[in-house]
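The values are calculated or read from the model by the stated rules, or taken from the named source; none is laboratory data. All values reported here derive from a predicted model rather than from experimental measurement. Positions of Cβ are generated from backbone atoms using ideal geometry, with glycine treated the same way; all protein chains shown enter the neighbour counts. Only protein heavy atoms, including side chains, enter the accessible area calculation; ligands, DNA and RNA are left aside. Shrake-Rupley method; radii C 1.70, N 1.55, O 1.52, S 1.80 Å.
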Amino acid sequence: MVDLMGEAQRLLAHGKGILAADESNTTADKRLALYGIATGEEMRRQYRNLFLTAPGVEKYISGVILYEETLTQKANDGTPFAELLQKKGIIPGIKVDQGLEPFPEGGDETITKGLLGLPERLMAFKTTYNTGFTKWRAAIKIDGTRLPTNQAIHENAKRLASYACEAQRAGMVPLVEPEVLLEGAHSRLRCREVLVDTISTLMSALEDQAADMSGVILKTSMVLSGSTSGRMDTPEEVAQDTVGVLLETVPKTLAGIVFLSGGQTTEQATANLAAIEKEAKAQNSPWPLTFSYARALQDEALTIWAGKEENVPAAQAAFIARLQKEADALGAA
Ligand code: 13P
């Protein structure tokens, strides 16, 4: 029997975070192109190699969420990526949802697919690569009071909970991620309201399906004004609302909570994390909290790397410097 609670707590070790490196091949190519870097399988391998082999990364990172392709690839020295992480004491994780499709009930909402054949895929990842945790992402869109619909929130929560139970049956910790999207003109208050609905619906679905809450990690957005609202929230505002939502919706028994960066700038994501940690401490919040960023951890390093071998050491140093700032935000020594 796998000790899911113990594995979740290893992922949530104080001062460390979880690197999201699970962009699909299409998203990874788009990301590379954004920095003027060539695309394709070999460039995606070099992209992963840059982050996963950064000297000292294990001081700051407890786990890495990978995309299937990366599990089949090797680092520059020929070590398979999953093995390389395990040697460093970092837990390899795998994104197991199969992306978004239009939600049939509505207009422009999405539902996450991937439940079909999931037990078999989970077993294959576990036995072939010894992955310790998994992720499933749903996307919740805000548009005034029109979106999200209750149906989309409920159906996404139900699928997240089904996935979580399957992952636990396969002996892996589920990271449940109902991302409330930053895109839109909505207010911070509206985002707060949607997050309360989204997270409380998900927690009920997990309890209904009898998930072991002590072995589930919630990956959530912060409470933020929409990206086109013209408003820039202060870290204190974000922290107060975000911790408030979590205290209202998340049972004490949940293993812990990690945050996505969701399109915030790197500096914003770090400052907001620091304020959230401070507020959570002041409120005696019961769970470990940490970061699980992709973009906010990668941006500086990708800018420096630009796809050139000679820039790798400087890019890796920038990545480690950013991780040190996140560790400082978490109040780690
Ligand atoms: P961002 O930090 O770039 O939002 O990515 C985190 C993630 O895992 C999104 O699914």
Going by a ≥ b ≥ c, the root eigenvalues of the Cα gyration tensor, does the chain fall in the rounded group (a/c under 1.5), the prolate group (a/b larger than b/c) or the oblate group? rounded
What number comes out for the charge environment of Thr253, summing +1 per Lys or Arg and -1 per Asp or Glu over other residues with Cβ under 14 Å away? -1
Between Arg231 and Leu100, what is the label-point separation in nm under the 7 Å Cα-to-beta-carbon projection? 2.3 nm
Using a 1.4 angstrom probe, figure out how much accessible area segment 99-195 has per residue, in square angstrom, rounded to the nearest whole. 42 Å²
On a 31 Å Cα-Cα criterion, which of the cross-link pairs Lys88/Lys308; Lys30/Lys281; Lys87/Lys113; Lys88/Lys219; Lys95/Lys325 come out too long? Lys30/Lys281; Lys87/Lys113
Just order 290-299, 139-148 by mean Cβ neighbour count inside 10 Å, highest at the front, would you? 290-299, 139-148
Please find the FRET efficiency linking Gln151 to Lys308, where r is the Cβ-Cβ separation and R0 is fixed at 51 Å, and quote it to the nearest 0.05. 0.60
Probe of 1.4 angstrom, ligands and nucleic acids ignored: what's the accessible area per residue over segment 230-317, in square angstrom? 42 Å²
Given a 1.4 angstrom probe, I'd like the percentage of the accessible area of segment 169-269 that is carbon and sulfur, rounded to a whole number. 51 percent
Accessible-area value, Met5, 1.4 Å probe, nucleic acids and ligands omitted, Å²: 100 Å²
Segment 4-157, accessible surface, carbon-and-sulfur percent (1.4 angstrom probe): 53 percent
Say R0 is 51 Å: what FRET efficiency, to the nearest 0.05, do Thr27 and Gln283 get from their beta-carbon distance? 0.90
Taking 7 Å along the Cα-to-C-beta vector as the label spot, tell me the Glu120-Glu69 distance in nanometres, rounded to one decimal. 2.4 nm
Shape of segment 21-136 from its Cα gyration tensor (a ≥ b ≥ c, root eigenvalues): rounded if a/c is under 1.5, otherwise prolate when a/b > b/c, or oblate? oblate
Please give the calculated 222 nm ellipticity per residue for the chain, where each DSSP H segment of at least 4 residues contributes -39500 (n - 2.57) and the sum is spread over every residue; nearest 500 deg cm²/dmol? -14500 deg cm²/dmol
Calculate the spin-label point distance for Leu247 paired with Tyr35, positioning each point 7 Å from the Cα along the beta-carbon direction, and give it in nanometres. 3.9 nm
Accessible area per residue, Å², segment 1-98 with all protein chains present, probe 1.4 Å: 42 Å²
